[in-house]
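The values are calculated or read from the model by the stated rules, or taken from the named source; none is laboratory data. Note that the coordinates shown come from a computational prediction; the quantities given were computed from them, not determined experimentally. When we count neighbours, we look across all protein chains shown, and the Cβ atoms used for this are built from the backbone with ideal geometry, even at glycine. Ligands, DNA and RNA are excluded from the accessible area calculation, which covers all protein heavy atoms including side chains. Shrake-Rupley method; radii C 1.70, N 1.55, O 1.52, S 1.80 Å.
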Amino acid sequence: MTIGEQPAYLRVAGDLRKKIVDGRLPPHTRLPSQARIREEYGVSDTVALEARKVLMAEGLVEGRSGSGTYVRERPVPRRVARSGFRPERGATPFRQEQADGDVRGTWESSSEQTDACGAVAERLEVEPGSRVMRTRYVFREAGEAMMLSTSWEPLALTGRTPVMLPEEGPLGGMGVVERMRAIDVIVDNVTEEVGARPGLAEELALLGGVPGHVVLVIQRTYYASGRPVETADVVIPADRYRVAYHLPVR
């Protein structure tokens, strides 16, 4: 192979990908068999297998037990709008995560006390092992799971207060800004760091993905006078959603 030349399996995958994208292999069509790929492209079984693996990892095809490999329906990406923290009264957790006012959604949650692992402790600027309230959310739009979130709040701040449990008490179900204000903690800044990785099995089971699908992960942290008061990982399926930011010009 000369410099700049693609490996054979990538060239085969690239040609099959083009056929999928331009509609010559439409959704629900069975992908050519390994033997057919080998014959059509003049490659080995190993190359044909690796090419199919590439398409599967990219989410373009899916295996069906006892039937073969088929072209997946390509979803039209929808938008997840974000605009930093929302200080107005009445911001719910769904509105906190999806800032598009035209979108209506629901959420399910569960909270439990736990010890902060090293990464969470670093983000909250507390000692590893410090007690935190961990809350897991599943956000749904029209009944479909669209987003997951796991948040952590230091119990040194919220413990023994009316807002210790994010979904219970007088401000249960409100956003972080509103809840913190109730205990005289004024949120004045938020940071978000966006990355991507393969989805975990439990995440994809909830979001409806298949092994190998990529998810977007937004690491968000709220601050009050420079002190982290809440941090969260927001997980979004990358093949179905795009994250759009609306940031004010100062």
Roughly how many Å² is the accessible area per residue of the chain, as a whole number, for a 1.4 Å probe?
53
Given points 7 Å out from each Cα along the Cα-Cβ axis, report the R136 to D115 separation in nanometres with one decimal.
2.0
Report the Cα centroid-to-centroid distance between segment 140-212 and segment 50-79 in angstrom, as an integer.
31
Running a GNM on the chain with Cα contacts under 10 Å, which residue among R136, R160, R181 ends up with the highest mean-square fluctuation?
R160
Between T29 and A81, take the C-beta separation as r, use R0 = 41 Å, and let me know the FRET efficiency to the nearest 0.05.
0.75
So what's the angle, to the nearest 10 degrees on a 0 to 90 scale, between helix 8-21 and the longest Cα principal axis of the chain?
70
When only C-alpha pairs under 8 Å and at least 6 residues apart count, what is the relative contact order of segment 78-245, in percent?
24
